[in-house]
Amino acid sequence: MIAKFFTDHPDSVDETYLEHAAFAGRFSLALFGAAFAALVHALLPFMFEKTASRIVARLYARTHNRGR
């Protein structure tokens, strides 16, 4: 029964628990990168002008309609 907490969502996107953990880990790292680029851009507007938005768009494209 407890295993369902760990497998229901990964199953819904056709992944195993470990595949989903790896995907989510990479997704998290990309978000940290986007956040860092946005922070640097806030202080130095000539740097990373489109980096954060490009990363977010790429992540959205990879996750939109997953598991449908």
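Just a few scattered comments:
- Approximate spin-label separation residue 44-residue 19, in nm, with each point projected 7 Å along Cα-to-Cβ: 4.1 nm
- Approximating the spin labels as points 7 Å out from Cα along Cα→Cβ, the residue 27-to-residue 53 distance works out to 2.3 nm.
- Selection of GluC sites (Glu not before Pro), the chain, meeting DSSP coil and at most 12 other Cβ within 10 Å: 49
- Taking only the Cα atoms of the chain, the ratio Rg/Rh comes out at 1.15, with Rh defined as the Kirkwood radius.
- Helices in the chain, meaning DSSP H runs of at least 4 residues, each add -39500 (n - 2.57). Divided by all residues, the mean residue ellipticity at 222 nm is -25000 deg cm²/dmol.
Since every read-out is calculated from the coordinates, none of them should be taken as a lab result. Values in this document were obtained by computation on a predicted structure and should not be read as measured data. When we count neighbours, we look across all protein chains shown, and the Cβ atoms used for this are built from the backbone with ideal geometry, even at glycine.
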